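This report refers to the structure that appears directly beneath it.
The values are calculated or read from the model by the stated rules, or taken from the named source; none is laboratory data. None of the values given here were measured: they were computed from a predicted structure. Using ideal geometry, Cβ is built from the backbone for each residue, glycine included, and neighbour counts are taken over all protein chains shown. Quick note on the areas: whole protein, heavy atoms, side chains included, nothing else; ligands and nucleic acids left out. Shrake-Rupley method; radii C 1.70, N 1.55, O 1.52, S 1.80 Å.
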Amino acid sequence: MKKSFLYLAATLLCCVGLTGCLSHWFVETESRLQVENATEDCTLLSVDIFSMESDNYQRWIAETLLPGERSHVVQNDWVGKFTLRVNYTKSTDGSGETLQFVKKMEVEGGSLFLKVESEGDSLALKFR
């Protein structure tokens, strides 16, 4: 009886060990992002993210969003401190010079909704 219990306990311990890091059971490490272009005169070309572990930006939202449009929801495995970059133009059709708006942020996982608004000659980012 004791041997079968020990074998069962060892088997369960191996199964738990093979499922990966236990913190993933308690901490959500995936982040889902949807972006809304709430400007009246700008076209969003992309939203990129840069982490301290990387040496270049990675594309998070690769859609061109005209004023009033929303992106699809895009899911990635990003949690921590990042630099977010929004590439945009000051036109309603995506033509013209590509400008950039950069902001530091912390991502804690889960669902994020980013509303991009005009603020003077720049953009304002509001997360919900």
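Please work out which residue is nearest to Arg128 (Cα to Cα), limiting yourself to the range 64-81 and to residues that are more than 14 Å from the chain's Cα centre (by Cα) and open to solvent by 30 Å² or more (accessible area, probe 1.4 Å).
Filtering the range 64-81 down to residues more than 14 Å from the chain's Cα centre (by Cα) leaves 64-70.
In the following step, the residues that additionally are open to solvent by 30 Å² or more (accessible area, probe 1.4 Å) were identified as 64, 66-70.
Working: Thr64: 21, Leu66: 20, Pro67: 19, Gly68: 17, Glu69: 17, Arg70: 14 Å.
If we take residues in the range 64-81 being more than 14 Å from the chain's Cα centre (by Cα) and open to solvent by 30 Å² or more (accessible area, probe 1.4 Å), then Arg70 is nearest to Arg128 (Cα to Cα).
Leu84: buried (at least 18 other Cβ atoms within 10 Å of the Cβ), modelled with pLDDT of 95 or more, of a type in the set (A, V, I, L, M) and outside any loop (DSSP other than H, G, I, E, B), yes or no?
Values: buried (at least 18 other Cβ atoms within 10 Å of the Cβ): yes; modelled with pLDDT of 95 or more: no; of a type in the set (A, V, I, L, M): yes; outside any loop (DSSP other than H, G, I, E, B): yes.
Considered against the rule, which asks whether it is buried (at least 18 other Cβ atoms within 10 Å of the Cβ), modelled with pLDDT of 95 or more, of a type in the set (A, V, I, L, M) and outside any loop (DSSP other than H, G, I, E, B), Leu84 comes out as no.
Mind listing whichever residues of the range 30-78 are in a loop (DSSP other than H, G, I, E, B) and of a type in the set (D, E, K, R)?
Taking the range 30-78 and keeping what is in a loop (DSSP other than H, G, I, E, B), we get 30, 38-42, 52-57, 62-64, 66-69, 71-73, 77-78.
Correct list: Glu30, Glu40, Asp41, Glu53, Asp55, Glu63, Glu69, Asp77.
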request  = Would you tally the residues in the range 27-45 being more than 18 Å from Gly110 (Cα to Cα), surrounded by 20 or more Cβ atoms within 10 Å (Cβ to Cβ) and not hydrophobic (A, V, I, L, M, F, W, C)?
outcome  = 3
task = Hey, can you tell me all the residues within the range 87-121 that are surrounded by 14 or more Cβ atoms within 10 Å (Cβ to Cβ), among the hydroxyl-bearing types (Ser, Thr, Tyr) and part of a strand (DSSP E or B)?
result = Tyr88, Thr89, Ser118
